[in-house]
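Trainee: Sending over a structure as structure tokens; questions will come in a sec.
The values are calculated or read from the model by the stated rules, or taken from the named source; none is laboratory data. Source: prediction; values computed, not measured. Cβ placement follows ideal geometry from the backbone for every residue including glycine, while neighbour counts extend to all protein chains displayed. In case anyone asks, the SASA skips ligands and DNA or RNA and just uses the protein heavy atoms, side chains included. Shrake-Rupley method; radii C 1.70, N 1.55, O 1.52, S 1.80 Å.
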Amino acid sequence: MRLLIHLIMLLLCLNISILAKGQLLETKLTVSYREMTLEKILWDLRKNYGINISYSSNLIPTKKKYSFSQKDESLKNILTLLFKDSEVVYKVVGNQIVLTKDPNKSKPQVKKATSAGSLQQRSTEEVKEIEMLSASLGSPLDLTLDRLELRRDFQIEKKRLQDSYEVKADSLKLTSTKQSVAELKQKMKVLMRGFKQDLQNLRDSLEHSPRFKRNTDSVEVRRASDTAYLHRDWQVTFVPPLGSNGLETGKVVNKFSFNVLGGYSAGLEGAELAGIANIEKSHVRGVQLAGIGNIVNNEMQGAQFAGIVNIVNGYAMGGQFAGIANIVADSSVAFQAAGITNTVGGNSYGGQFAGITNLVKGNLIGPQGAGIVNVAGGEVNGVQIAGIANLAGGKMRGVQVAGIANTSAKEIVGVQIAGIVNAAKKVKGSQIGLLNIADSVSGVQIGLLSIARNGYRRLEIYGGEALYGNIAFKMGTRHFYNIFAGGLSWRDQKGSLDFGLPTKDSYVQWALGYGIGTELTLTSKTRLNIDLLSYHINEGKEWTTKLNLLNQARMQFGFLIGKKTSLFLGPVFNIKVSQVANEDGTIGSKMASWNVYNKTQNKTNVTMWPGLHAGIRF
């Protein structure tokens, strides 16, 4: 009886699932597109009809343009119309549509080796690495897939997903003031479930995509050529062909190779030493040591050591060490260390450390450390540390530390620390340097001058008992802004405060100031600003050369009276430090009629007193 109940419940669940899928595909839509890319069409369906569509931009022709109109047509027919002449297929997964490529619609593929054959032909290290990669992606992968391409594209698409969901999360947080905490938590949970589902769909689409089987033919050809090579346990060469392999040197894969001056062979699967250079026509799986250089025409897996240069025309997996340079034409999953420079033509997954410069043309996942400069043409996930500058051509996630400058052409999620300048398009984190530049900042900019094009900017006009008239400009972010200020007051000939208009007997005090501050939101209509400001006071002349500072710690309680206007009022604590000598022999500028501390020592007067200031802010 219990078994029967379980079967009935299972059938009900299946029917509900099938019904839900059917209802999604039968959703009626009215659309009209003219020369619109597939990417924008899918975004329109998501935005206007709430239809979630997951895909990988590397697998789907998102830039292809379409022109068609449909009135009161089902989603199923619209998708069929979109993809009728392409390799794209769709399926319903839960409450969303997943787009993939259909291998049956693709161009015929060269028949690949069986999994068993692949396992037998690969080294134990290769098999373990692919199995680890398969585990990290959460599903088994065919061992003939190109693991570097798969890892690279999975990371790129995963970042794209993360970026889109971060935008959604930010949108939820911005509206959190209108929601209860419980509602916000629930919506964030739903958002995270959507991200996990999209990530799983990405794994599925990459696993089944014929795109990652495109290198199968070349791999099989190479394996076939490997079997055609001669395999020998050892060889000794003075210079080719003066060696034990003679004229066959370019057809032999060696396990151990010793070249007195230089050597040339088909490949290496062991260890090789040379006084000048080692050159491999095919591949290296092992260790190479040379006084001048190691050159590999295809992939390198293992370690290279050279006094001058290591060159790999394919991809590199392992460690490279050179006195001058390491150069990898394709992607690198390796640790590189060079006295001068490291260069990777594709993506770099690992670490680069050079005395002068590190250069990655594609994306970087890992640390870069250089005495002069680090350059990554694409996105960066990791740490860049340089004596001069760090350059990230794409999005930066991590930390940039440089003696002079850090730049990120797009967004940085992390921290930039530079001796002079930090620059990024969008900052989610912190910038610390003399000059910080960004389009927008959701974090903190700390420096002498911080510029955020879409950041915090306020103009204040106010007065106080120390300086009667003041104007200040605040710029940066709400959390941390810079203050540039100027002030003016006048005294009678005795130095006493003169609250009337200045006369010919008055002498003018004018000031220039710089400071920092932060703004706190108390309510929707009130703000609290906490500022630290230091003025240089000029006494009755163009510029006072002696020490004459007015330092202020102040609080400003602001009250909005318009969309962009507020009034503020608050207390000030003044600390005046002066070495100005008066005509009566006393030391110190007279700026307060009373004080709580007044002491002169070593020809320096320090005076403290509380005060008040008020003004208007725009």
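Trainee: Which of the residues spanning the stretch 522-545 are free of Cβ contacts under 8 Å to residues at least 40 places away in the same chain and of a type in the set (S, T, Y)?
Mentor: Within the stretch 522-545, T523, S524, T526, S534, T544, T545 qualify.
Trainee: Another question, if that's okay. For the stretch 286-366, give me every one of the strands (runs of 3 or more DSSP E) that falls completely inside it and has 2 or more residues that are within 25 Å of V380 (Cα to Cα).
Mentor: Working: elements: 293-296, 300-306, 309-312, 316-322, 325-328, 332-338, 341-344, 351-354, 357-360.
The strands (runs of 3 or more DSSP E) meeting that bar are 300-306, 309-312, 316-322, 325-328, 332-338, 341-344, 351-354, 357-360.
Trainee: So in the stretch 530-552, with the set limited to residues that are exposed (fewer than 15 other Cβ atoms within 10 Å of the Cβ) and either among the β-branched types (V, I, T) or touching a Ser or Thr at 6+ places or on another chain (Cβ under 7 Å) (or both), which one is modelled with the highest pLDDT?
Mentor: Within the stretch 530-552, the match that is modelled with the highest pLDDT is I530.
Trainee: May I ask you to list pairs of residues, at least six apart or on different chains, whose Cβ atoms are under 8 Å apart, with the first in the stretch 374-387 being open to solvent by less than 10 Å² (accessible area, probe 1.4 Å) and the second being among the charged types (D, E, K, R)?
Mentor: Matching pairs, first to second residue: V380/K395; V380/R397.
Trainee: Shifting gears a bit: Which pairs have Cβ atoms under 8 Å, sit 6 or more apart or on different chains, and link a residue in the stretch 395-418 that is free of Cβ contacts under 8 Å to residues at least 40 places away in the same chain to one that is part of a strand (DSSP E or B) and acidic (D, E)?
Mentor: That search, which allows pairs on different chains as well, returns M396/E411.
Trainee: Separate question: Given the criterion open to solvent by 10 Å² or more (accessible area, probe 1.4 Å), of a type in the set (A, V, I, L, M) and either free of Cβ contacts under 8 Å to residues at least 40 places away in the same chain or over 18 Å from Y514 (Cα atoms) (or both), identify the matching residue among I461, I471.
Mentor: Matching residue, one of I461, I471: I471.
Trainee: Identify all residues within the stretch 578-618 that are β-branched (V, I, T) and more than 30 Å from K525 (Cα to Cα); write none if there are none. Before the answer, list the steps.
Mentor: The initial filter retains those residues of the stretch 578-618 that are β-branched (V, I, T), namely 580, 586-587, 596, 600, 604, 606-607, 616.
Matches in the stretch 578-618: V580, T586, I587, V596, T600, T604, V606, T607.
Residues checked against (1) modelled with pLDDT under 85; (2) part of a strand (DSSP E or B):
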residue	(1), (2)
K428	no, yes
L459	no, yes
R478	no, no
G487	no, yes
W490	yes, yes
L501	yes, no
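Trainee: Among the residues of the stretch 280-293, write down those that are of a type outside the set (G, A, S) and surrounded by 21 or more Cβ atoms within 10 Å (Cβ to Cβ).
Mentor: Within the stretch 280-293, E280, H283, V284, Q288 qualify.
Trainee: Taking T249 as the residue in question, decide whether it is among the polar types (S, T, N, Q), open to solvent by less than 70 Å² (accessible area, probe 1.4 Å) and part of a helix (DSSP H, G or I).
Mentor: Spelling it out, T249 is indeed among the polar types (S, T, N, Q), open to solvent by less than 70 Å² (accessible area, probe 1.4 Å) and part of a helix (DSSP H, G or I).
Trainee: Of the numbered conditions (1) open to solvent by less than 40 Å² (accessible area, probe 1.4 Å); (2) within 33 Å of the chain's Cα centre (by Cα), I324 satisfies every one except a single condition; which is it?
Mentor: (1)
Trainee: Do any strands (runs of 3 or more DSSP E) entirely within the stretch 553-618 hold 2 or more residues that are open to solvent by less than 50 Å² (accessible area, probe 1.4 Å), and if so, which?
Mentor: Of the strands (runs of 3 or more DSSP E) lying wholly inside the stretch 553-618, those with at least 2 residues that are open to solvent by less than 50 Å² (accessible area, probe 1.4 Å) span 566-578, 604-617.
Trainee: For the stretch 298-314, state whether one or more residues are polar (S, T, N, Q) and touching a residue at least 24 places away in the same chain (Cβ under 8 Å).
Mentor: Yes, the stretch 298-314 contains at least one residue that is polar (S, T, N, Q) and touching a residue at least 24 places away in the same chain (Cβ under 8 Å).
Trainee: Among the listed residues G403, G414, identify the single one that is at pLDDT 90 or above and either basic (K, R) or at positive phi (or both).
Mentor: Of G403, G414, the one residue that is at pLDDT 90 or above and either basic (K, R) or at positive phi (or both) is G414.
Trainee: Follow-up. Select from the stretch 539-552 the residues that are assigned to a strand (DSSP E or B) and either aliphatic (A, V, I, L, M) or in contact with a Leu (Cβ under 8 Å, 6 or more places away or on another chain) (or both) and list them in ascending order.
Mentor: L549, L550, N551, Q552, listed by residue number.
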